[in-house]
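Engineer: Would you mind keeping the following structure in view while I ask a few things?
The values are calculated or read from the model by the stated rules, or taken from the named source; none is laboratory data. Predicted model, so just to flag it, every value in this text is computed and none were measured. Neighbour counts run over all protein chains shown; Cβ positions are idealised from the backbone, glycine included. Ligands, DNA and RNA are stripped out before the accessible areas are found, and what is left, the full protein with its side chains, is counted by its heavy atoms. Shrake-Rupley method; radii C 1.70, N 1.55, O 1.52, S 1.80 Å.
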Amino acid sequence: MIKLDQKAEILMKYFRENMSQRAIAREMKVSRTTVRKYIN
């Protein structure tokens with residue numbers, strides 16, 4: 001389970017910084033599936 005601040009960070013990186021899901025997953029050391037789940 002990821003924390004709320006990590007979820008917010010994923011969303012900010014995706015929408016504000018236009019980072020790819022793969023890049024976010026690598027940087028935050030979580031799976032791409034997790035990143036996709038929180039973006040959707």
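Engineer: Quick check on my filter: what residues within segment 7-25 are open to solvent by 100 Å² or more (accessible area, probe 1.4 Å) and within 9 Å of the chain's Cα centre (by Cα)?
Structural biologist: 22 - this is the single residue of segment 7-25 that is open to solvent by 100 Å² or more (accessible area, probe 1.4 Å) and within 9 Å of the chain's Cα centre (by Cα).
Engineer: Only residues in segment 12-40 that are under 14 Å from residue 1 (Cα atoms) and in contact (Cβ under 8 Å) with a residue 12 or more places away in the chain count as the first member; pair them with residues that are surrounded by 10 or more Cβ atoms within 10 Å (Cβ to Cβ) and aliphatic (A, V, I, L, M), Cβ under 7 angstrom, at least 6 apart or cross-chain, and list the lot.
Structural biologist: 28/10; 30/2; 34/2; 35/10; 35/24; 35/25; 38/10; 38/11
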